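The values are calculated or read from the model by the stated rules, or taken from the named source; none is laboratory data. For clarity, every value in this text was computed on a predicted model and none was experimentally measured. In this analysis, Cβ positions are derived from the backbone assuming ideal geometry, glycine residues included, and neighbour counts consider all displayed protein chains.
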Amino acid sequence: MQRFVRGFKKGPELPISSDYDDEFKPKRPRRSTSNMVRRSFLVAGMLIFLGFVIYMVVGGQGNLRNQRNQGSPRSQRSQKSQRAQKNQGYQGYQGDSTLYKAQSEKSSGSSDFPAIQSGLTEMASDSDPMPDTVHYFDMKNYEGSAVDKSNDQRVLLLIPLRNGEKVLPLMFRNMMNMTYNHDLVDVAFLVSDCSKGDKTLETLSKYTKALQQQTLLPLLEKKHKRVVGSGVFGSSDMYEKYLPEDYKERVRKAFSPPYHDQYAKPFHNIEIFQKDFGQVIGQGFSDRHDVKIQGIRRKLMGRARNWLLSAALKPYHSWVYWRDADIETSPGDILQFMMKFAGDFDVVVPNVWRPLPTFLGNEQPYDLNSWIESDAAISLAHSLDEDDVIVEGYAEYPTWRAHLAYIRDPQGNPDEIVDLDGVGGVSILAKAQVFRNGANFPAFTFMNHAETEAFGKMVKRMGFRVGGLPHYTIWHIYEPSQDDLQEISKLERKKRRFGSSK
Ligand SMILES: *[C@@H]1O[C@H](CO)[C@@H](O)[C@H](O)[C@H]1NC(C)=O
């Protein structure tokens, strides 16, 4: 069943319980007198309307024309539609019309856009303005370009969530840390297929409300203090003792003041979508990485992405930024940084690594889905069925591709960019026009791939350019595997027995 939750400003009392279906049903009026009251209002309304009609007919043509010019019937209609929007908790368009006005003011003052100017004058002059139910967008203004000082490009930040309760504090701190003007960023979450008892939607709602009311930072800091931990943000797990000291120090710094001036600012608009797609498997680490089910899983994730995108993308978005919730640290200016490459590239991804316990070598590439195509993988694809999905990083599929992750040199130039064929979904910045032209995250086999890797392939086929930044790295959280946990408890036992420190 499909469920949408929207409009925090209007409805802070979100349907938060484990039994959503009941909560989402419209509530019946409870007062017993309400029927009578409603009936008398109806009669009064009809009388007023009758009077109005008589007045209009008697008042004659001149009056009627005046009314139209003042937009009175129109504004009645728009009031009604605004009320309807309010009832649905819909907020989006209020902001848009402001932007639309700003855009049209800007363009009518500029001689660079004669087409826009004449178009707008034709459609809406000052003496006869467009009704506010009509919106005009010159899509030329939303193409996505390299950032300059007067940048006002709006970004849609898309975050899919599944059983994500635990990483939400982390995710919100990463959102807040973005130095891109928050008022130019719209955020849309998709919550899907969470396990029974999982509180992702509830927690997300709570934090989102606090974020927009600028009370989130104290809330998260209080929560953080309550956690008896060894330093890494938001968790008290034993394994964190085994992460490299310098990594932990970096994380500690990343979550400490001073914060930049955008930090606590609300975002322009936030939407939360809830929809289940059905799940093939659990979210446990070993479950998730079985090659046989990867293809199916990736197609389901592709479907979820497409839903989120098509529900949230508005005509005024210039950029779409896909971001996973379980990123621990990432540079605050990641949006501006990646937008720099817009002159040559339409899709850009950073490198994604993760820390490892010291006994496993300190760090490791995380995202192997960003790669450069190889001859071996092309012949492999030719040898497969049309419906087979190649997944990266498995012995079953020796692709011999160059992975963005492995090209990394920690001392390398962060501005270096390489052409990619497949991309991973952890952090994708794409011009919105890429999607408007029809690209998506295939939920079917496309060129023997699915989801984000197929997206990379598709986008290239459409003539766009995909880039990866090998020396510009964001850090994924470390989730220990069963083996890692066993090793850790062995080390802990030894430590207790011998009382040694390491
Ligand atoms: C926030 O941004 C700063 C500056 O780019 C960065 O050093 C820090 O790691 C970021 N924090 C997080 C939590 O990513």
Could you list, in sequence order, the residues of the range 365-382 that are among the charged types (D, E, K, R) and either surrounded by fewer than 20 Cβ atoms within 10 Å (Cβ to Cβ) or out of contact with any strand residue (DSSP E or B) (no Cβ under 6 Å at 6 or more places or on another chain) (or both)? GLU373, ASP375
From GLU271, GLU328, which residue is within 16 Å of the ligand (Cβ to nearest atom), outside any loop (DSSP other than H, G, I, E, B) and modelled with pLDDT of 95 or more? GLU328
Could you list, in sequence order, all residues of the range 300-325 that are outside any helix (DSSP H, G or I), among the charged types (D, E, K, R) and either free of Cβ contacts under 8 Å to residues at least 24 places away in the same chain or away from the ligand (no atom under 16 Å from the Cβ) (or both)? LYS314
Does PHE455 fit the bill of being within 22 Å of LYS340 (Cα to Cα), aromatic (Phe, Trp, Tyr) and more than 16 Å from the ligand (Cβ to nearest atom)? yes
Give the range 159-181 a look and list any residue that's part of a loop (DSSP other than H, G, I, E, B) and more than 16 Å from the ligand (Cβ to nearest atom), or say none. ARG162, ASN163, GLY164
Residue satisfying condition, being within 16 Å of the ligand (Cβ to nearest atom) and either surrounded by fewer than 22 Cβ atoms within 10 Å (Cβ to Cβ) or over 17 Å from GLN274 (Cα atoms) (or both), within set LEU211, LEU184, LEU156: LEU211
